[in-house]
Amino acid sequence: MGEHGKDSEKNNARNDIVGGLFFLAFGLVTLGYIISVDYVGVFQASRVQLRETPATLNSIRVRERRGGKGSVTFELETEYTYQVDGVEYTGTRLGFGETQWDGGRQRQQSRKSEVLSREPFFVFVDARNPSRAMLFNKRNGIITAPTIILTCLGGFFSLVGGFHLIRYARRSKERRAE
């Protein structure tokens, strides 16, 4: 094999290692982030034993928030109090795994109307940890489209990284066999 062939082979090997490690690391970090942020929350929410508890609605409003580049988001802000075993708690959570910034004006107004139409007013309390309550008992839809997309990207990058490292290992094995 000529000098040019050896250099080309070394470059290919280096590219396989660097590319493989980069893609594998990026994919694993992405998957780790998604698992820790979204899937663990969903798993915990699925195990929660909820108990409908009478509460008092202290305040509720839809707040407009302006972001960079002229973007506008809407937040449903709420505060409620409830009692469990004679202890009074204050809550603001909308739902387990749900963000407050996940809807347009109409969506948030609809949620506000839904809350105001409840008579009497109830919240859903985690029976194992009464300090955790939520306003909406909707567990479906917690895994969002960005979660699914990031999971797929993390898996894809992990596979590409693994492919590069396996290719490097095979080439190294072939070289040693020669």
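Key figures for this structure:
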| read-out | value |
| --- | --- |
| Residue, modelled with the lowest pLDDT, within the range 74-125, restricted to residues that are basic (K, R) and under 14 Å from A55 (Cα atoms) | R118 |
| Selected residue (criterion: surrounded by the most Cβ atoms within 10 Å (Cβ to Cβ)) from residues of the range 103-124 that are free of Cβ contacts under 8 Å to residues at least 24 places away in the same chain and among the small types (G, A, S) | S110 |
| Test result for F156, modelled with pLDDT of 85 or more, under 21 Å from I34 (Cα atoms) and surrounded by 13 or more Cβ atoms within 10 Å (Cβ to Cβ) | yes |
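The values are calculated or read from the model by the stated rules, or taken from the named source; none is laboratory data. Keep in mind that this is a model prediction, so the values were computed, not measured. Cβ sites come from the backbone with ideal geometry, for glycine too, and all protein chains shown count toward neighbours.
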